Amino acid sequence: MAESKWVEPDVSFVKELKALGGDTLKKCYQCATCSVVCPISPEEQPFPRKEMIAAQWGLKDKLVGNMDVWLCHQCNDCSTYCPRGARPGDVLNAVRAYSIREYAWPSWLGKIVPDGRFWWLLLAIPVVIFLVLLNAIGHLHIPEGEIEFAKFFPTLWVDLVFVPLSVIWIPLTFGIGIYRFMTDMHKKALAEGKTKRKDLNIPDFLKSILCTLPTILRHNKFSQCTQNKDRYVPHMLVLFSFLGLFVVTNCFFVALYILQSPGPYSLANPIKILANVSAIALFVGGLLMIANRMRDRGDNVGKGSYFDWSLLILVFGLAVTGGGSELLRLAHVPNVAYPMYFAHLVFVFCLFAYLPFSKLAHLVYRTLAMSYSRYSEREPCE
Amino acid sequence: MEKKLGVYICKGCGIAEALDMDRLEKVVPPKIEVRKTHPILCSPEGVELIKQDIANEGVNTVVIAACSRRVLYDVFDFGPNVVQRVNLREGVVWSHKPNEENMIGEEGGPQVDELIQEMAEDYLRMGMAEAEKVQRPEPYQLPEPINKRILVLGGGVAGLSAALEAAKTGYEAMVIEKEAEVGGFAAKLRKQTPWTYPYEDAQEPVIQQIIKEAEAHPKIEIRTNTEVARIAGQPGDYGVTFKDAGTKSVWDVMSKEEEAAILEKLAEEGQAAGAREPSPDEPHTILSTNPDAEKFGAVVLATGWKPWELKEEAEEAPEAAEGEGAEEAKKEEAKEGEGEEPAVEEPTYEHLGFGKFPDVITNVALEEMAGEGKIICPSTGKPATSVAFIQCPGQGTDEDFPYAAAITSMVALKQAKYVREDNADAKAYIFYQHMRTLGQTEYFYKSAQQDEGIFLTKGDVVSVSENGNGSLVLEAKDTLLGGDIKVAVDLVVLATGMVPTTKDDPVMNLAYRQGPGFRDLELFDGYPDSNFICFPYETRRTGIYAAGCGRRAMSIQESRVDAAGAALKAIQCIESANRGVSVHPRSGDMTFPDFFFQRCTQCKRCTEECPFGALDDDEKGTPLPNPTRCRRCGTCMGACPERIIGFADYNIDSIGSAIKAMGVPEEEEKPRVLVLACENDAYPAFDQAALMGLTYSPFIRVIPVRCLGSVNVVWIKDALSKGVDGVLAIGCKYGDDYQCHFAKGSELFSIRADKIGEALVSLALEKERVQQVQIAIDECDKIPGIIQDFMATIEEVGPNPFKGF
């Protein structure tokens, strides 16, 4: 008999997973139907059967830092076929939520972002910052004349908030989280014999990322889902709209500060077209994802927790307030357009500031885990 | 009454197409005047034809050559007249296809297969011969008026419930309990496993309510501090002597040895034990009758179980409590020529630390602890915070602990919940190989699973050892967690089973010649059943019905249901005895073994071999039949070397005559094989094979027998000496997973067959000519192969040299 491993269940971990949407995890009786029906699980050491018992026994070490938890895309084929209603797909989703929190720095933000009791606080932070800022520059009123949002909130001031957020806050906080995540994942993969590569070689890992990106962009994993294949299109719309808006924001940043050409821009401007198409895609994608979450699959499968819903609302809110601001500007309704813009800025702030702590962090964690899976040769590079 | 045979041949169901009916009818000897063929004998017209002959022609023995005796027995029921069935349909025409090479018949006349025709003619001859020898049976009447009171041994859940069920049906019941209080182990429980919706939580024990109800019932008498000294007599007429628990009585049933010594002494004194008036302080043999004994009609055995105990030393020395039955059975086995089984070593579970660490306890100890208060570690007296339940002893087996049945899974779940309710921070681990939560109790498993502090995994527990800091370490391999794991615990609970009280103790104290307890215990793991699957509640002693954990480890609720079954079975037995018919498995059979005592040589083989202890004997060894204890299997008839035992409708002569009526051609190419088929499994399998269109050799002649145990070797000798080439006995499986309806019949035959093999060799006949095959009722597909194999053997050994003599 090989050296046996000490096992010490952590009951509080079980309770937290239950609170994060994995409330059914104790129902699993280990038949492994889930691992059999999972369309995207690797053949060797397939998930989520083993993750389920680890969750039942409160074995945090086996779950947090386990790449398989991130390879799961919550198709919920497993949950649909589960004879006991244990919803493995949702349990893994809860494990991911827990993991995001676990790697978060500063840890207090990691705690309050997923905590439904503090939503007002998260919103209050940008509201207060913006109000104080507007008040300081004497702009705390609806400007007269043609609607130009820069008249209300000068772009420079906006960027004084968002540029540090993007280039200091996110890299710093998320960087720490990512570092913790990567070292932990590698250590555990080694311990469980999922990889033979002893060290984490950065150039090789970057190659793995490159070979993973097409899979992500094409949503290959999503398209393999059967129960939740409806999510394929909305998720793609949202991802690409974010990419589009990222491009747009950078272009306009260049336009403003280098080309000295402030907005608003013509609707025929190709960048503006991209912006509007992305906004529509974000709106439609967000709406469809909400509808998808609300769809009845029986047994509350895939309904999601606060953690999931906060991101959905944020995404949809971004689309509504962004698109709304533009439409109201064109319709010339200053009394609503300016507050709408304010709200939009608040949402954008939330998106940026809470990125490493919210569900949106999966954008990075899952990408890294999928890349690591290829790096570790658990999955082949396509 | 003089016999008048009527022979009726049916032409339906393909019989007339396959056979030359005129030739067949010619088999009927001229002295039988009433002989008829009918196109469809089972039609109202056909039945009416027979009835007319009974009424007008005085026919009293009806030979029906049509279909198997297993079908249409209700149609061909002619009251007090004997009915003999000749199986032409399943036995001949459905199971044999004509072969072009064997066709005979005159031009223009019917063309039939000669071999099939011979078969049908043989069967008809055999049927008529048998019919001449059988009589309509008369039911047995008990000499004394029947007593319908039911004695219940054991005042636990099963016993009290059985008494209540019997009382509610209108029968009087008496419950005997050796402890000072009734209630049994159920009264010590903290809670019982759930038995009502939603089946999620352990429930308040129901025992107090049962006690109250039983104590209040006017038809129930409860005696505590009481034991049975002896149960004498037979169903419908038991005489039971009671005594204070723990005391000795002159009426205590002695061991066989003690009794033999006394009998010998009496013989020297020239006195018959039964006839003499024994002095009050002298132990009584089973031959004396206690005039003060209380009368009962049937017994419910509900003495339940004992907790499994670690045997200090695994010595084989038979202890006093070993049970007379077991010893006797062993001796008998040795006598029968079978080697004694190697002694089964009692497991010690050393690897689990039992007996070594005070904090490794059994589930019974934990339940007692929980019933009295909080769950603590015996070594420290501190509350247990981390408890491991081990369901399977491991070490290469995935079986649960012995005598666990399905109950220990439920108990572990219940006790894990105790651990959690006593201490919110406590952890309970369950290591199982099987989680047996049957039926609705699956909800209980589900609810235990929901508890965050209960951790379940399949796994093989390798060891329990000390951790150094006072706690224990449990190591397990092949767990669901992947790989080998170890957990630190402070209390380990072994899911040991419920050992039936009958295993080591002759609880019944029967004043039977075969001993005070149940026999053949090794075959039944110490349980008293006669056939657990097919005949629940029935023990190996007719009139005694087991209920509750003495029959199988079970829950309280199951015991209650079980008790109802046993009580009803006891009532069925009493009422059957009252009508003079067999209770089971041949329910309603009016026959019983008849002894021609003048020729008895007191060899005691019938007494010894009866699987149900129905026969006692007197001081000389002459059998004393107890007809209501009898199951009518005929094992005694098969055993008797003097051939003086028989039944009205089934005896040495009736079957012997049938065998003698078999035609044995002298041609070598027409061998003959006699098949003796047990009517419980083998004969139905033949019928079923025919129904499925399976075919087999036309050289065999099948005779159904009640049980292979009833086969007397004289039949085999008769067959072989008249030139039959081989005898094939097909019966039920015996041994560990026996399926014999009479528990030991097919096994006894195998012993007899061995002996006849030796006798054959001395007659220069090959041993292979007599064989036994085991078959189950659903194995009809094997019939052609079995016959083919045996025919091949016969071909190999060649024709019987006695042919033609």
If you go through segment A:190-197 one residue at a time, do you hit one that is crowded, with 17+ Cβ neighbours inside 10 Å, at pLDDT 95 or above and closer than 23 Å to A:Cys34 by Cβ?
no
Return the residues of segment B:197-236 that are farther than 17 Å from B:Ser249 by Cβ, in contact (Cβ under 8 Å) with a residue 40 or more places away in the chain and basic (Lys, Arg); say none if nothing qualifies.
B:Lys219
Test each condition in (1) assigned to a loop (DSSP other than H, G, I, E, B); (2) at pLDDT 90 or above for B:Gly274 and report the one that comes out false.
(2)
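Residues to consider are B:Glu679, B:Glu669, B:Glu766; find the one that is among the charged types (D, E, K, R) and under 30 Å from the mean Cα position of the chain (by Cα).
Result: B:Glu679 is the single residue among B:Glu679, B:Glu669, B:Glu766 that is among the charged types (D, E, K, R) and under 30 Å from the mean Cα position of the chain (by Cα).
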Among the residues in segment B:183-196, are any under 30 Å from B:Gly297 (Cβ atoms) and among the charged types (D, E, K, R)?
no
Identify all residues within segment A:34-52 that are in contact (Cβ under 8 Å) with a residue 24 or more places away in the chain, surrounded by fewer than 17 Cβ atoms within 10 Å (Cβ to Cβ) and either farther than 15 Å from A:Leu71 by Cβ or within 13 Å of another protein chain (Cβ to nearest Cβ) (or both); write none if there are none.
A:Glu44, A:Gln45
Give all pairs with beta carbons closer than 6 Å in which a residue from segment B:293-311 that is of a type in the set (D, E, K, R) meets a residue that is surrounded by fewer than 18 Cβ atoms within 10 Å (Cβ to Cβ) and at pLDDT below 95; count only pairs at least 6 apart in sequence or on separate chains.
B:Lys311/B:Glu346
Name every residue in segment B:418-430 that is touching a helix residue (DSSP H, G or I) at 6+ places or on another chain (Cβ under 6 Å) and away from chain A (no Cβ under 11 Å), in order of residue number.
B:Tyr418, B:Ile430
Hey, among the residues in segment B:107-148 that are acidic (Asp, Glu) and free of Cβ contacts under 8 Å to residues at least 24 places away in the same chain, which one's surrounded by the fewest Cβ atoms within 10 Å (Cβ to Cβ)?
B:Glu107
Residue, nearest to the other protein chains (Cβ to nearest Cβ), within segment B:443-468, restricted to residues that are touching a residue at least 60 places away in the same chain (Cβ under 8 Å) and either closer than 15 Å to A:Arg84 by Cα or in a loop (DSSP other than H, G, I, E, B) (or both)
B:Lys446
Take B:Gly483 and decide whether it is within 8 Å of another protein chain (Cβ to nearest Cβ) and either over 17 Å from B:Phe389 (Cα atoms) or within 42 Å of the chain's Cα centre (by Cα) (or both).
yes
Filter result (surrounded by 23 or more Cβ atoms within 10 Å (Cβ to Cβ) and part of a loop (DSSP other than H, G, I, E, B)) within segment B:90-106:
B:Trp94, B:Ser95
Restricting to segment B:94-130, give me the number of residues that are within 17 Å of B:Pro671 (Cα to Cα) and among the aliphatic types (A, V, I, L, M).
4
B:Lys331 passes all but one of the listed conditions (1) assigned to a helix (DSSP H, G or I); (2) surrounded by fewer than 18 Cβ atoms within 10 Å (Cβ to Cβ); (3) at pLDDT 60 or above; the exception is number (3)
Residues in segment A:1-33 that are of a type outside the set (D, E, K, R), part of a helix (DSSP H, G or I) and at the interface with another protein chain (Cβ under 7 Å from one of its Cβ atoms): how many?
2
Only residues that are charged (D, E, K, R) and without any contact (Cβ under 8 Å) to a residue 40 or more places away in the chain: list them for segment B:394-425, please.
B:Glu399, B:Arg420, B:Glu421
Within segment A:116-146, which residues are farther than 30 Å from A:Gly21 by Cβ and part of a helix (DSSP H, G or I)?
A:Val128, A:Ile129, A:Phe130, A:Leu131, A:Val132, A:Leu133, A:Leu134, A:Asn135, A:Ala136
What helices (runs of 4 or more DSSP H), lying completely within segment A:42-115, carry at least 3 residues that are in contact with a helix residue (DSSP H, G or I) (Cβ under 6 Å, 6 or more places away or on another chain)?
A:49-56, A:60-63, A:67-71, A:77-81, A:88-103
Here is a check on your reading of the model: is B:Cys633 buried (at least 23 other Cβ atoms within 10 Å of the Cβ) and either part of a helix (DSSP H, G or I) or modelled with pLDDT under 95 (or both)?
no
Given segment B:472-514, what strands (runs of 3 or more DSSP E) lie entirely inside it while holding 3 or more residues that are farther than 23 Å from B:Ala553 by Cα?
B:472-477, B:485-489
Those strands (runs of 3 or more DSSP E) completely within segment B:191-261 that have 1 or more residues that are touching a Phe, Trp or Tyr at 6+ places or on another chain (Cβ under 9 Å) and surrounded by 19 or more Cβ atoms within 10 Å (Cβ to Cβ) are B:226-234, B:237-244
Within the group B:Lys744, B:Lys782, B:Lys733, which residue is more than 27 Å from B:Pro528 (Cα to Cα) and among the basic types (Lys, Arg)?
B:Lys782
Output the residue which, of all residues in segment B:412-434 that are farther than 19 Å from B:Gln557 by Cα and within 34 Å of the chain's Cα centre (by Cα), is surrounded by the most Cβ atoms within 10 Å (Cβ to Cβ).
B:Tyr432
Without any contact (Cβ under 8 Å) to a residue 24 or more places away in the chain and either touching a helix residue (DSSP H, G or I) at 6+ places or on another chain (Cβ under 7 Å) or among the charged types (D, E, K, R) (or both): does that describe A:Arg293?
yes
Which of the residues spanning segment B:653-680 are surrounded by 23 or more Cβ atoms within 10 Å (Cβ to Cβ) and out of contact with any Leu (no Cβ under 9 Å at 6 or more places or on another chain)?
B:Ala658, B:Arg672, B:Asn680
Taking the stated definitions as given, is B:Asp589 in contact (Cβ under 8 Å) with a residue 12 or more places away in the chain and either over 16 Å from B:Arg706 (Cα atoms) or more than 21 Å from the chain's Cα centre (by Cα) (or both)?
no
A:Gly138 vs (1) loosely packed, with under 15 Cβ neighbours inside 10 Å; (2) touching a residue at least 24 places away in the same chain (Cβ under 8 Å): all pass except (2)
Would you be able to tell me the number of residues in segment B:553-586 that are among the aliphatic types (A, V, I, L, M) and without any contact (Cβ under 8 Å) to a residue 60 or more places away in the chain?
1
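The values are calculated or read from the model by the stated rules, or taken from the named source; none is laboratory data. What you are looking at is a predicted structure, and each value in this text was computed from that prediction instead of being measured. For neighbour counting, all protein chains shown are included, and Cβ atoms are generated from backbone atoms with ideal geometry for every residue, glycine included.
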